[in-house]
Structure formats: structure tokens, C-alpha cells
Amino acid sequence: MEPVRVTLLGAVIAICFAASVSGVIWWMLHLPEQTPVTLRVAKAVRLTERANLILVPVQGAALSDRMVALGAQMAKARQAEIEVLYLIEVPWTLPLNAQLPAASQLAEEVLDRARRIATRFSVHLHTQIVNTRDAGEAIVDEATVSRSDIILMGDVPERGGETRFSKTTSFVFARAPCEVIIDRPAFASYRGNPAAPPSVEAASNGR
């Protein structure tokens with residue numbers, strides 16, 4: 001029987017292997033204790049990270065840019081995509097497919113800015129313009145079809161101190177198939193804004 005020869009390289013490899021095995025065993029024997037608090041924290045983190053598509057409905061120019069920026073920021077943090085849904089509410093006196101040049105032009109301007117905002121945040125953006133009779137129903141329908149994970153929308157009270165939602169927001173809040181996040185910005189950011197038409201954020205026909 002030949003004697004076992006130990007080389008320097010072999011000894012180093014053996015020591016490294018033994019150290020790695022010992023480290024794994026030590027880690028397995030010293031796992032952090034799972035308490036009810038740590039489990040709840042871990043679950044909360046998982047839920048906030050779970051989002052593939054964020055739907056941002058907008059209408060008019062009052063808060064559209066702000067909502068798109070917030071949505072893009074959320075999408076970047078969650079590695080999600082964002083869809084900006086521009087809603088044109090068509091009066092009952094007109095057919096649903098009626099041509100509304102002024103409204104269509106405003107929609108294109110808002111969506112153009114939305115694309116620029118999404119580019120700044122390096123997120124993938126989908127855009128869509130929808131003619132509808134009821135903004136709330138249109139939002140819920142799109143969220144269902146697109147399988148959105150989050151609907152992000154704004155709501156502006158008519159007067160300071162109010163907590164009453166618009167008809168649109170109330171409908172979405174009650175019927176949406178996914179999580180709904182409602183943003184109410186500081187009054188100073190939109191008070192007296194001459195470019196604030198009736199919108200999803202403050203639906204004039206829903207007050």
C-alpha cells in the first residue's frame with residue numbers, strides 16, 4: 001500500500017471545503033427566529049412588491065401629469081408596467097363614437113407628456129384613449145380586461161375639509177377587481193388652476 005501524499009494545494013482545497021461545509025452547518029443551526037412580527041413584516045413586503053401592471057386613469061389636465069409620475073415611480077420600484085387610460089366622457093346627446101376634436105387633442109397632449117414622463121423613469125408605458133358614458137365603469141372594465149394589479153387615481157374635493165369621493169372614485173373603489181390607491185394632493189398644488197377641467201380626479205357629473 002502506497003503512502004498517502006499530501007500536497008500544499010490539496011491541503012488548501014481540503015481546508016476551504018471544510019470551512020465552507022462548517023459555515024453552512026453553522027448557518028443552518030443559527031437561522032433567525034421566525035416570530036409573528038417577522039412573518040407579518042415579510043408578508044407585507046411581498047404584497048407590496050407583487051405588481052405587474054399599474055393602471056392610471058386620467059381625464060383632463062388638472063392632475064394627469066402628477067398621477068402619471070406617481071404611477072411611473074411606483075412601476076419602477078416594483079419593476080412593473082404602467083397603462084395610462086385617458087377617458088373622454090361623451091354626453092348622452094351625442095353618439096358614443098362622436099368626433100370631439102378639442103377633447104381628442106387634449107387627450108393626445110396629455111398622453112404625449114405621459115410618454116415623456118415614463119421615459120424619465122425608464123418604465124414601459126401603454127396608452128389608450130376611450131370614449132365612454134361613465135368613467136367609473138370604463139376604468140373597472142379596463143382593469144378587469146388588462147388584469148391590472150393596481151389602479152392609481154386622484155380625487156380632488158371641491159372644498160377643503162371634505163372627505164367625500166366623487167361618483168367615479170366611489171364606483172371604482174367599490175367595484176374594482178384589484179387594489180385601488182387614491183391620491184389627494186395638497187390643495188395648493190391645484191387650487192385656482194385655470195387648466196383644470198372636469199376629470200376623473202374631480203368628476204363634475206359625479207358630485
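The values are calculated or read from the model by the stated rules, or taken from the named source; none is laboratory data. Just so you know, these numbers come straight off a predicted model, no measurement behind them. Cβ: placed from backbone, ideal geometry, glycine included. Neighbour counts: every protein chain shown.
Data for the structure
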item	result
In the stretch 68-80, the residues that are crowded, with 19+ Cβ neighbours inside 10 Å and outside any helix (DSSP H, G or I)	Ala80
Extreme residue, modelled with the highest pLDDT, among residues of the stretch 33-53 that are assigned to a helix (DSSP H, G or I) and among the basic types (Lys, Arg)	Arg40
Some residue of the stretch 70-84 being more than 28 Å from Ala186 (Cβ to Cβ) and modelled with pLDDT of 90 or more	yes
Selection count, the stretch 54-67, where residues are surrounded by fewer than 21 Cβ atoms within 10 Å (Cβ to Cβ) and part of a loop (DSSP other than H, G, I, E, B)	1
Test: residue in the stretch 102-121 that is in contact with a strand residue (DSSP E or B) (Cβ under 9 Å, 6 or more places away or on another chain), surrounded by fewer than 12 Cβ atoms within 10 Å (Cβ to Cβ) and at positive phi	no
Strands (runs of 3 or more DSSP E) fully within the stretch 93-201 counting 2 or more residues that are within 16 Å of Asp65 (Cβ to Cβ) and modelled with pLDDT of 90 or more	125-132, 150-154
